[in-house]
Amino acid sequence: MRPSRRLEQIPPYLFAELERKIAAKRAVGIDVISLGIGDPDMPTYAPIVAAAQRAVADPGTHRYPSNRGRAEFREAVAAFYERRFGVTLDPETEVMPAIGAKECIFNLNLAFLDPGDVALAADPGYPVYTGGPILAGAEAALMPLLADRGFAPDLDAIAPEVLARARLMFLNYPNNPTGAVVPDGLFADVVALAMRTGMLVVHDNAYSETTYDGYVAPSFLATEGAKDVGVEVFSLSKGYNMTGWRCAAIVGNADAIAAYWRLKSNIDSGLFEAVQLAGAAALAPEVDAEVQAMNAIYRRRRDLVCDALREAGVEVTPPKGTIYVWAPIPPGFESAAAYCEHVLEEAAVVISPGGAYGRSGEGFFRISLTTPDDRLLEAVARLRSLAH
C-alpha cells in the first residue's frame with residue numbers, strides 16, 4: 001500500500017528519531033542521558049490530580065463530552081485570562097477546549113487553509129507549524145528567527161506574493177526552541193499586518209507560565225486589536241506538568257473558534273470531561289504557588305546547564321522563559337547535527353540539533369531541562385568533560 005503524497009512530504013518526527021537513537025545506544029549497554037525531549041519529569045501538581053480523581057469517579061463525566069466543552073472549564077479559562085493577562089473572554093463564544101495544543105494547531109490548518117494557501121511559520125519552530133499546512137494541502141512559508149533580531153520575524157521581509165496568499169501566521173513566545181521572549185512592539189506589528197491582509201494569527205502560548213528572573217510573559221490577546229485578528233492556544237502541558245493529559249484551550253476570535261468547532265465536530269468527540277475538570281482546577285489561583293515552585297527548579301537547572309556549557313566552550317545566554325536552553329555550536333563543527341552526534345558519541349548525552357526545527361536553526365542546539373536532578377548533574381559533568 002502507498003501512503004498519501006502529503007504524508008510522504010513530511011520528514012520523520014524529530015522526537016521519534018531521538019527515541020530511536022536512545023534505544024539503540026541503551027540496547028548495547030550505554031548509559032545514555034537524554035536532554036532532547038521537553039517532557040516534564042515532575043508529577044502533575046497534587047490539587048490537579050485530586051480534582052481528576054473526583055471527576056473520574058463521577059458517572060456524569062463518563063459519556064460523550066460536548067466539543068464546546070464544560071462550562072466549568074470554559075469559565076475557569078476565562079477567569080484565568082482575566083486574572084493573569086488582563087484579557088476579557090466570553091466563555092460562551094471565545095473559549096473552547098482542545099485535546100492538546102498540537103492537535104489544536106494542526107486542526108487550524110484544516111479549518112483555514114485550502115490548496116494554494118500559505119501559512120507563515122516561525123523558523124525555527126515547533127514542527128507542526130510546517131507539517132500541518134502540508135498535510136492540509138497548502139504550503140508553509142518560513143519566517144526566519146535570527147539571533148541578531150532577538151529571534152523575532154522580520155515582517156517587512158515577507159514577499160508581497162507570499163503575503164497575498166497567507167491565511168495563517170504561527171507565532172510562539174516564550175519561544176520553542178530558542179527560549180526567546182517577545183520583543184517590544186512585535187505583537188502590535190503582527191496585529192497591524194493581519195488587519196491589512198485578513199490572515200488569522202495563531203499564537204501558541206505553551207510557555208507563558210514558565211519564566212525566570214522576574215520576567216512575566218504577556219498574552220498575544222492583550223495587544224489592542226488582537227482578538228479581531230487572532231486566536232491563542234493555551235496549553236497546560238508544560239507549566240502544569242500535564243503533557244500526558246492532552247489539555248489545552250483555544251481562545252480569542254469568536255468567528256475563528258466557531259469555524260474550529262465546526263471542523264472538530266466532524267473529527268473527534270471532544271475532550272474527556274474529567275480532564276476538563278482537572279484543567280479547571282489547574283487554573284485556580286491556589287495552584288500558582290505550585291507553578292512558581294516548579295519554575296524555581298527549572299531556573300536552577302538552567303543555571304547548571306549554562307555554566308557547564310560555558311566551561312565546554314559554548315557561548316550561551318540563559319533564557320528568560322521555556323524549559324529549554326538554546327545555544328550556538330562551538331567552533332570546529334561543520335553543523336549542529338555533527339556537534340550533537342559528537343556529544344552523543346563522546347558523552348552519551350542526547351541534545352537536539354537546531355536544524356531539526358527549521359533551516360534557521362542551523363548552527364544551534366537545544367537542551368531540555370526536563371531531566372531529574374541527579375541525571376542532569378551527571379549530564380552536566382559529561383558536558384564539562386568535553387572541553388578537556
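The values are calculated or read from the model by the stated rules, or taken from the named source; none is laboratory data. Given the structure is predicted, the values throughout are model-derived calculations rather than measurements. Methodologically, a virtual Cβ is constructed for each residue, glycine included, from the backbone with ideal geometry; neighbour enumeration extends over all protein chains shown. Accessible surface is based on the protein model in full, side chains and every heavy atom, while ligands, DNA and RNA are left aside. Shrake-Rupley method; radii C 1.70, N 1.55, O 1.52, S 1.80 Å.
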Practice task
Among the lysines, select those whose C-alpha is under 29 Å from the C-alpha of K320, and discard any that sit fewer than 8 residues away in the same chain.
Solution key: K102, K227, K238
Exercise for the section: Provide the descending list of Cα extents for the stretch 226-333 along its principal axes, expressed in whole angstroms. Expected result: 53, 33, 26
Practice task
Would you mind working out the accessible area per residue for the stretch 122-183, using a 1.4 Å probe, and quoting it in Å²?
Solution key: 34 Å²
Fill in the blank from the handout: Filtering GluC sites (Glu not before Pro) in the stretch 325-369 by DSSP loop and by at most 14 other Cβ atoms within 10 Å leaves E334
Exercise for the section: Return the carbon/sulfur percentage of the accessible area of the stretch 183-311, one whole number, probe 1.4 Å, all protein chains in place. Expected result: 50 percent
Problem - FRET efficiency estimate (nearest 0.05) - Cβ-Cβ, Y64 to A296, R0 45 angstrom - result: 0.65
Practice task
Could you tally the net charge around R375, taking each other residue with its Cβ under 13 Å from the Cβ of R375, Lys/Arg +1 and Asp/Glu -1?
Solution key: -3
Exercise for the section: Could you run the Debye sum over the Cα atoms of the stretch 18-66, one equal point scatterer each and no solvent, and tell me log10 of I(q)/I(0) at q = 0.21, 0.23 Å⁻¹, two decimals? Expected result: -0.78, -0.85
Problem - Rg to Rh quotient for the stretch 285-374, alpha carbon positions, Kirkwood Rh - result: 1.03
Practice task
At q = 0.09, 0.19, 0.22 Å⁻¹, work out log10 I(q)/I(0) for the stretch 162-285 with the Debye formula, treating every Cα as an identical point scatterer and leaving solvent out; two decimals please.
Solution key: -0.28, -1.17, -1.37
Practice task
Could you pull out every residue, at least 5 positions away or on a different chain, whose amide H is within less than 5 Å of the one on D204? Hs are placed 1.01 Å off N in the peptide plane, and Pro or chain starts have none.
Solution key: L171, N172, Y173, V233
Completion exercise
GluC sites (Glu not before Pro) in the stretch 96-166 lying in a DSSP loop, each with at most 13 other Cβ atoms within 10 Å of its Cβ, come to none
Exercise for the section: Between D213 and A381, with labels modelled 7 Å along Cα→Cβ, what's the label distance in nm to one decimal, could you check? Expected result: 2.9 nm
Handout entry: Cleavage-rule hits, trypsin sites (Lys or Arg not before Pro), the stretch 46-108, DSSP coil, Cβ neighbours within 10 Å at most 16
Key = R63
Problem - Normalised alpha carbon radius of gyration of the chain [divisor 2.2 N^0.38 Å] - result: 0.98
Handout entry: Whether the stretch 98-197 is rounded, prolate or oblate, judged on the alpha carbon gyration tensor where a/c under 1.5 counts as rounded
Key = oblate
Problem - Long-range amide H partners of A98 with built H, under 5 Å - result: A248, A249, I250
